[in-house]
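Trainee: Handing you this structure, nothing more for now.
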Protein chains: 2
Amino acid sequence: MNINENFLKIESSYLFSNIAKKVKAYTKANPDKEIIRLGIGDVTRPLAPACIEAMHKAVDEMADEKTFRGYPPEYGYDFLLNAINENDYKARGIELDNSEIFVSDGAKSDTGNIGDIFSLDNKVAICDPVYPVYVDTNVMSGRSGEKNAEGKWSNIYYMPCTAENNFLPLIPTQHVDIIYLCFPNNPTGMPIKKEELKKWVDYANREGAVILYDAAYEAFITEDDVPHSIYEIEGAKTCAIEFKSFSKTAGFTGVRCGYTVVPHDLKFGGTELNGMWARRQATKFNGVSYITQRAAEAVYSDEGKKQIQEILAYYRKNAKIIYNGLRDCGFTVYGAVDSPYVWLKTPDNMKSWDFFDLLLEKLQVVGTPGEGFGPAGEGYFRLTAFGTTENTEKAVARIKNYFAK
Amino acid sequence: MNINENFLKIESSYLFSNIAKKVKAYTKANPDKEIIRLGIGDVTRPLAPACIEAMHKAVDEMADEKTFRGYPPEYGYDFLLNAINENDYKARGIELDNSEIFVSDGAKSDTGNIGDIFSLDNKVAICDPVYPVYVDTNVMSGRSGEKNAEGKWSNIYYMPCTAENNFLPLIPTQHVDIIYLCFPNNPTGMPIKKEELKKWVDYANREGAVILYDAAYEAFITEDDVPHSIYEIEGAKTCAIEFKSFSKTAGFTGVRCGYTVVPHDLKFGGTELNGMWARRQATKFNGVSYITQRAAEAVYSDEGKKQIQEILAYYRKNAKIIYNGLRDCGFTVYGAVDSPYVWLKTPDNMKSWDFFDLLLEKLQVVGTPGEGFGPAGEGYFRLTAFGTTENTEKAVARIKNYFAK
């Protein structure tokens with residue numbers, strides 16, 4: 001009787017759970033202090049009225065035997081698949097069949113579970129810093145090897161993304177099999193341009209590698225030559241799986257919906273991956289709530305689109321407030337243009353967890369220490385635009401006030 | 001670059017997906033025929049008014065920034081954990097801490113994903129016939145070995161459940177590590193009594209094995225000495241994980257909510273499993289929709305409880321209609337007392353897929369062939385009570401009419 005011992009290799013708690021615990025302990029000891037949370041990438045604006053209306057209608061349908069819906073189709077209702085296909089792909093000149101789109105309860109589940117379809121001997125390449133789920137799930141499944149003194153896993157190929165390379169990973173100098181890319185990037189907030197992404201697609205096609213492309217933040221893109229989908233790049237259908245989420249696009253963090261695209265043209269080691277993901281999902285997942293899927297569909301209605309843009313504009317304004325405010329008081333800042341994230345250099349090369357403690361204890365502002373995203377994140381810090389504008393302004397004022405001293 | 005080759009061992013499609021395809025093909029060829037579906041265990045009654053009301057309220061909260069909710073707690077909101085703990089456990093004399101309960105999007109996901117925390121060299125015991133997810137997920141992860149000519153996997157310990165043993169598996173005559181038990185059983189509809197389940201708890205504690213106890217159908221129990229939770233059995237907290245679902249209890253197949261209990265006292269190979277499941281869920285899952293959790297909470301309100309019982313009574317009546325109707329025209333039938341399932345012997349030892357085809361083509365009634373649940377299911381067939389009473393009566397009349405000839 002053995003547990004999966006790979007679990008013992010990782011810290012027992014997930015990064016954001018650790019931060020939550022620290023904040024909870026501080027709040028308990030200092031109940032009078034007003035904390036401003038710009039740490040976890042969680043939204044604060046209410047859902048778009050179109051989504052609210054769609055959910056009320058769907059709830060009413062569930063109350064009537066004539067319109068009641070039981071088990072959803074495993075990969076999503078046609079009404080939602082059609083809306084996704086039409087708006088996120090056809091409108092951008094990308095041809096997909098609905099059978100290439102898999103609706104799920106979110107990009108975290110899918111980027112975590114996608115490892116099920118790959119063998120354990122694949123060489124995995126990840127950016128550093130990176131969204132912890134990519135690394136942790138590979139550690140848990142046994143694909144990582146052991147952790148060395150620098151905090152790096154022996155079997156993982158690290159691609160540092162720092163100010164030195166403008167936060168763009170370099171094409172690997174060796175063969176790798178599975179490449180995790182996230183653009184606009186979490187945590188750095190930096191985008192990738194089409195011509196840069198083309199180099200990755202070419203590498204992957206040449207090497208027979210697969211790119212796991214997390215586009216959860218694409219709705220924040222403002223620049224023209226930044227792709228909203230990897231399939232805007234020629235050749236991507238034979239080498240890339242794309243993950244998208246309604247969490248940041250439409251404030252669905254508490255509603256739970258996303259989708260994953262696995263093109264039929266994508267083969268890995270000779271096998272079509274679409275059928276494998278279909279089998280994985282049909283066996284270990286039972287579809288998304290009907291009510292949630294109706295809410296997601298409403299994101300693509302005329303009203304919904306307009307309302308979503310207003311919400312995104314609100315967060316973009318917050319990102320600018322943070323970016324400009326910190327820049328003006330001497331911080332080196334990145335991101336914020338195509339992203340809700342501001343990535344900053346800690347002052348005087350302060351360790352990122354020390355900076356976390358300082359912001360929490362002196363200013364009652366919660367951010368995320370760069371080191372939590374990987375060794376190359378040390379010396380950086382992430383702030384998010386997902387708070388209220390009032391709180392964002394207050395937090396920036398506190399930071400300016402403190403560091404201007 | 002290698003895929004997980006274990007995926008190639010299983011049929012490319014899940015049992016119920018295959019049935020859906022067969023039915024779709026038949027419907028296309030015979031558009032004028034009226035099909036009655038008593039195959040998949042999917043409910044048809046609308047949701048309880050208490051759940052509808054709770055969801056409308058929760059949707060409205062999501063529309064207001066003062067009450068908006070973002071990321072849910074990874075393991076469930078306290079309001080739902082409290083309701084589950086109070087009603088499903090404390091009320092039955094079982095003491096659990098809320099940290100032992102993990103809310104999820106359903107028992108299918110959890111029984112599928114639980115394998116993540118165990119190593120691949122554990123010996124798995126399953127009942128035969130069995131809910132396909134237990135077997136398929138072990139095949140996909142590489143715990144099954146190879147399939148032999150009889151359709152059995154070489155590394156899996158099979159426990160036949162047939163009329164000969166009154167559908168109760170025998171305690172293994174060798175050491176096994178992981179035991180899947182589901183009672184009231186899917187597909188046979190048969191319950192286990194407390195004194196019988198005690199034998200399993202004693203075996204597991206003696207062998208250091210873990211019981212994965214699927215109690216998704218417990219709401220259908222009518223007999224007194226049949227346990228609603230495995231933790232009613234002394235010693236179960238040191239050897240059992242329990243899976244429960246709102247799908248059948250409260251008609252949530254299209255809403256998606258369930259929960260899993262991993263007691264802190266449960267160790268496997270010396271390691272506490274609670275922390276491992278907590279880490280798995282925090283890393284690869286992002287919690288359940290706030291709206292869904294409010295609906296689940298409402299199941300435990302005074303109104304909700306009453307309404308749920310009315311719905312359960314409706315399905316119980318259907319189960320009796322099927323059971324009595326088929327018995328009266330000469331079928332040998334099982335289940336239906338503590339379960340929404342009727343399990344029957346096919347007439348004249350007909351192969352179960354042949355019987356499926358006969359019912360579909362001659363009577364336009366859809367059931368599930370026993371063979372789809374495992375080799376020992378051959379010669380049996382499952383009908384479910386989840387249709388409307390009108391359709392159930394019609395289906396039974398068609399069967400009676402045909403087999404009385």
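Trainee: Looking at B:Ala48, is it within 12 Å of chain A (Cβ to nearest Cβ), in contact with a helix residue (DSSP H, G or I) (Cβ under 6 Å, 6 or more places away or on another chain) and modelled with pLDDT of 95 or more?
Mentor: yes
Trainee: Of all the residues that make up the stretch B:254-273, how many are surrounded by 20 or more Cβ atoms within 10 Å (Cβ to Cβ), within 11 Å of chain A (Cβ to nearest Cβ) and either of a type in the set (A, V, I, L, M, F, W, C) or in a loop (DSSP other than H, G, I, E, B) (or both)?
Mentor: Total satisfying the criteria: 6.
Trainee: Would you mind listing the helices (runs of 4 or more DSSP H) fully within the stretch B:285-364 where at least 1 residues are within 24 Å of B:His228 (Cβ to Cβ), at pLDDT below 95 and within 14 Å of chain A (Cβ to nearest Cβ)?
Mentor: In the stretch B:285-364, no matching helices (runs of 4 or more DSSP H) lie anywhere.
Trainee: Go through (1) away from every other protein chain (no Cβ under 12 Å); (2) free of Cβ contacts under 8 Å to residues at least 60 places away in the same chain for A:Ile36 and report which single condition fails.
Mentor: Of (1) away from every other protein chain (no Cβ under 12 Å); (2) free of Cβ contacts under 8 Å to residues at least 60 places away in the same chain, only one is false for A:Ile36: (2).
Trainee: Considering the stretch B:2-24 alone, what residues qualify as being within 7 Å of another protein chain (Cβ to nearest Cβ) and open to solvent by 80 Å² or more (accessible area, probe 1.4 Å)?
Mentor: Scanning the stretch B:2-24 gives B:Glu5, B:Ser12.
Trainee: A:Glu207 fails exactly one of the following numbered conditions: (1) among the charged types (D, E, K, R); (2) touching an Asp or Glu at 6+ places or on another chain (Cβ under 9 Å); (3) open to solvent by 10 Å² or more (accessible area, probe 1.4 Å); (4) more than 13 Å from chain B (Cβ to nearest Cβ). What is the number of that condition?
Mentor: Result: A:Glu207 passes all but (4).
Trainee: What single numbered condition from (1) open to solvent by less than 20 Å² (accessible area, probe 1.4 Å); (2) in contact with an Asp or Glu (Cβ under 7 Å, 6 or more places away or on another chain) fails to hold for A:Leu81?
Mentor: (2)
Trainee: A further question follows. Say we look at the stretch A:116-130 and pick out the residues that are within 25 Å of B:Tyr71 (Cβ to Cβ) and crowded, with 23+ Cβ neighbours inside 10 Å; which of these is nearest to the other protein chains (Cβ to nearest Cβ)?
Mentor: A:Asp116
Trainee: Name the pairs: first residue in the stretch A:66-85 and at the interface with another protein chain (Cβ under 8 Å from one of its Cβ atoms), second residue open to solvent by 60 Å² or more (accessible area, probe 1.4 Å), Cβ to Cβ under 8 Å, at least 6 apart or on different chains?
Mentor: Final answer for the pair search is A:Tyr71/B:Ile40.
Trainee: Restricting the first residue to the stretch A:203-224 and requiring it to be over 14 Å from A:Ile192 (Cβ atoms), which pairs with a second residue that is of a type in the set (Phe, Trp, Tyr) meet a Cβ separation below 6 Å and a spacing of at least six or different chains?
Mentor: Close Cβ pairs (under 6 Å, with a partner that is of a type in the set (Phe, Trp, Tyr)) amount to A:Val210/A:Phe268; A:Leu212/A:Tyr180.
Trainee: Got a sec? Which of A:Phe356, A:Phe285 is farther than 22 Å from B:Ser289 by Cα and out of contact with any Cys (no Cβ under 8 Å at 6 or more places or on another chain)?
Mentor: Numbers: A:Phe285 fails: farther than 22 Å from B:Ser289 by Cα.
Only one candidate passes the filter, namely A:Phe356.
Trainee: Taking the stretch B:110-160 on its own, how many of its residues are touching a Cys at 6+ places or on another chain (Cβ under 7 Å) and either charged (D, E, K, R) or assigned to a strand (DSSP E or B) (or both)?
Mentor: Residues flagged as touching a Cys at 6+ places or on another chain (Cβ under 7 Å) and either charged (D, E, K, R) or assigned to a strand (DSSP E or B) (or both) within the stretch B:110-160 amount to 3.
Each row is one residue, and each column tells you yes or no for (1) closer than 21 Å to B:Asp105 by Cα; (2) open to solvent by 10 Å² or more (accessible area, probe 1.4 Å); (3) part of a helix (DSSP H, G or I).
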| site | (1), (2), (3) |
| --- | --- |
| A:Ala219 | no, yes, yes |
| A:Val226 | no, no, no |
| A:Glu234 | no, yes, no |
| A:Lys244 | yes, no, no |
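Trainee: Give the residues of the stretch A:53-65 that are touching a residue at least 12 places away in the same chain (Cβ under 8 Å), facing chain B (nearest Cβ under 7 Å) and farther than 14 Å from B:Phe252 by Cβ, sorted by residue number. Working first, answer last.
Mentor: We begin by selecting, within the stretch A:53-65, every residue touching a residue at least 12 places away in the same chain (Cβ under 8 Å); these are A:53-55, A:57-59, A:61-62.
From what's left, facing chain B (nearest Cβ under 7 Å): A:55, A:59, A:62.
Matches in the stretch A:53-65: A:Met55 only.
Trainee: Right, here's the next one. With the checklist (1) farther than 20 Å from A:Asn87 by Cα; (2) facing chain B (nearest Cβ under 9 Å); (3) part of a loop (DSSP other than H, G, I, E, B) in hand, flag the one item A:Gly251 doesn't pass.
Mentor: Condition (1) is where A:Gly251 drops out.
Trainee: Quick check on A:Gly106: is it at the interface with another protein chain (Cβ under 8 Å from one of its Cβ atoms) and at positive phi?
Mentor: When the stated conditions are applied, A:Gly106 passes them.
Trainee: Within the stretch A:328-348, track down each residue that is over 18 Å from A:Phe167 (Cα atoms) and open to solvent by 60 Å² or more (accessible area, probe 1.4 Å).
Mentor: A:Asp328, A:Gly330, A:Asp348 - these are the residues of the stretch A:328-348 that are over 18 Å from A:Phe167 (Cα atoms) and open to solvent by 60 Å² or more (accessible area, probe 1.4 Å).
Trainee: Please go through (1) modelled with pLDDT under 95; (2) over 25 Å from A:Ala250 (Cα atoms); (3) surrounded by 15 or more Cβ atoms within 10 Å (Cβ to Cβ); (4) more than 8 Å from chain B (Cβ to nearest Cβ) for A:Gly41 and return the number of the only condition it doesn't satisfy.
Mentor: Tallying (1) modelled with pLDDT under 95; (2) over 25 Å from A:Ala250 (Cα atoms); (3) surrounded by 15 or more Cβ atoms within 10 Å (Cβ to Cβ); (4) more than 8 Å from chain B (Cβ to nearest Cβ), A:Gly41 fails exactly one: (2).
Trainee: Can you tell me how many residues in the stretch B:377-398 are within 30 Å of B:Glu150 (Cβ to Cβ) and assigned to a helix (DSSP H, G or I)?
Mentor: Counting residues in the stretch B:377-398 that are within 30 Å of B:Glu150 (Cβ to Cβ) and assigned to a helix (DSSP H, G or I) gives 1.
Trainee: Further question on the same structure: Does B:Tyr213 meet the test of being surrounded by 24 or more Cβ atoms within 10 Å (Cβ to Cβ), more than 13 Å from every other protein chain (Cβ to nearest Cβ) and touching a Lys or Arg at 6+ places or on another chain (Cβ under 6 Å)?
Mentor: No; evaluated as a whole, the condition is false for this residue.
Trainee: Right, another one. Is it true that B:Ala83 is among the small types (Gly, Ala, Ser) and modelled with pLDDT under 95? Explain how you work it out, then say what you get.
Mentor: Numbers: among the small types (Gly, Ala, Ser): yes; modelled with pLDDT under 95: no.
No; evaluated as a whole, the condition is false for this residue.
Trainee: Taking the stretch B:364-385 as the search range and keeping residues that are among the aliphatic types (A, V, I, L, M) and open to solvent by less than 10 Å² (accessible area, probe 1.4 Å), which one is farthest from B:Pro132 (Cα to Cα)?
Mentor: Step by step, filter the stretch B:364-385, then rank; the result is B:Val365.
Trainee: Look at A:Ala149 and say whether it is closer than 21 Å to A:Gly377 by Cβ, open to solvent by less than 10 Å² (accessible area, probe 1.4 Å) and more than 9 Å from chain B (Cβ to nearest Cβ).
Mentor: It is false that A:Ala149 is closer than 21 Å to A:Gly377 by Cβ, open to solvent by less than 10 Å² (accessible area, probe 1.4 Å) and more than 9 Å from chain B (Cβ to nearest Cβ).
Rundown of residues vs (1) touching a Cys at 6+ places or on another chain (Cβ under 9 Å); (2) of a type in the set (Gly, Ala, Ser); (3) crowded, with 21+ Cβ neighbours inside 10 Å, yes/no style:
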site	(1), (2), (3)
A:Met62	yes, no, yes
A:Pro73	no, no, no
A:Lys90	no, no, no
A:Asp97	no, no, no
A:Phe102	no, no, yes
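Trainee: Among the listed residues B:Glu61, B:Glu74, identify the single one that is modelled with pLDDT under 95, of a type in the set (D, E, K, R) and touching a Ser or Thr at 6+ places or on another chain (Cβ under 8 Å).
Mentor: Exactly one of B:Glu61, B:Glu74 is modelled with pLDDT under 95, of a type in the set (D, E, K, R) and touching a Ser or Thr at 6+ places or on another chain (Cβ under 8 Å), namely B:Glu74.
The values are calculated or read from the model by the stated rules, or taken from the named source; none is laboratory data. Everything numeric here is computed off the predicted structure, so don't read it as measured data. Neighbour counts are summed over all protein chains in view; Cβ atoms, including those assigned to glycine, are modelled from backbone coordinates with ideal geometry. The area values use the complete protein model at the heavy-atom level, side chains included, leaving out ligands, DNA and RNA. Shrake-Rupley method; radii C 1.70, N 1.55, O 1.52, S 1.80 Å.
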